[in-house]
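Let me begin by presenting the structure, written as structure tokens, before commenting on it.
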Amino acid sequence: QVQLVESGGGLVHPGGSLRLSCVATGILSINAKAMGWYRQAPGKQRDLVASIAEDGHTNYADPVKGRFTISADFAKNTVYLQMNSLKPEDTAVYYCNGDLLVDGIRDVGYWGEGTLVTVSS
């Protein structure tokens with residue numbers, strides 16, 4: 001069993017900041033190869049926000065470039081998302097995704113349960 005446990009969501013005013021964290025845990029051997037964050041607003045599809053690979057390569061969706069920063073500690077199978085200058089349109093459930101090597105088997109389909117970010121005055 002592998003779990004991706006997210007934390008850090010909440011309510012913030014426009015222009016504010018939040019930091020999301022996600023850690024992959026389980027009783028099996030876990031080695032994260034890449035991790036990322038997706039978000040899904042009500043009535044919309046789930047879209048990539050940012051991702052980071054084990055080699056440090058990052059990728060950002062255009063709407064968050066310059067405002068969000070993804071980082072990771074792959075030794076701890078943990079990924080972070082620093083979100084600055086938040087806008088109401090950033091309101092969504094944010095999901096952590098893991099491209100994980102678990103007990104020797106690689107799979108990109110590991111997901112957290114999501115954490116709600118609400119940007120409102």
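Please enumerate the residues belonging to region 48-98 that are open to solvent by less than 30 Å² (accessible area, probe 1.4 Å), more than 13 Å from the chain's Cα centre (by Cα) and touching a residue at least 60 places away in the same chain (Cβ under 8 Å). Within region 48-98, Leu86 is the sole residue that qualifies. Of note, Leu101 satisfies the criterion of being modelled with pLDDT under 95 and over 15 Å from the mean Cα position of the chain (by Cα). Of everything in region 1-60 that is of a type in the set (Asp, Glu) and assigned to a strand (DSSP E or B), the residue that is farthest from Lys76 (Cα to Cα) is Asp47. Of all residues in region 99-121, those that are loosely packed, with under 13 Cβ neighbours inside 10 Å and of a type in the set (Gly, Ala, Ser) total 4.
Name the residue, out of Glu89, Glu113, Glu54, that is charged (D, E, K, R) and farther than 21 Å from Gly10 by Cα. Selected residue: Glu54, the only one of Glu89, Glu113, Glu54 that is charged (D, E, K, R) and farther than 21 Å from Gly10 by Cα. For region 11-19, indicate whether the set of residues that are under 19 Å from Tyr110 (Cα atoms) and surrounded by 16 or more Cβ atoms within 10 Å (Cβ to Cβ) is non-empty. No: zero hits.
For region 97-121, a residue qualifies if it is closer than 17 Å to Trp37 by Cα and either charged (D, E, K, R) or touching a Cys at 6+ places or on another chain (Cβ under 6 Å) (or both), and the qualifying residues are Asp99, Asp107, Gly112, Glu113. On the stretch given as region 20-30, residues that are open to solvent by less than 50 Å² (accessible area, probe 1.4 Å) and either polar (S, T, N, Q) or touching a Gly at 6+ places or on another chain (Cβ under 7 Å) (or both) total 4. Just to be sure, is Arg106 of a type in the set (Lys, Arg), in contact with a strand residue (DSSP E or B) (Cβ under 8 Å, 6 or more places away or on another chain) and modelled with pLDDT of 95 or more? No: the conditions fail for Arg106.
The values are calculated or read from the model by the stated rules, or taken from the named source; none is laboratory data. Predicted model, so just to flag it, every value in this text is computed and none were measured. No Cβ is skipped: glycine too gets one built from the backbone with ideal geometry, and neighbour counts run over all protein chains shown. Note: areas computed on protein heavy atoms with side chains; ligands, DNA, RNA excluded. Shrake-Rupley method; radii C 1.70, N 1.55, O 1.52, S 1.80 Å.
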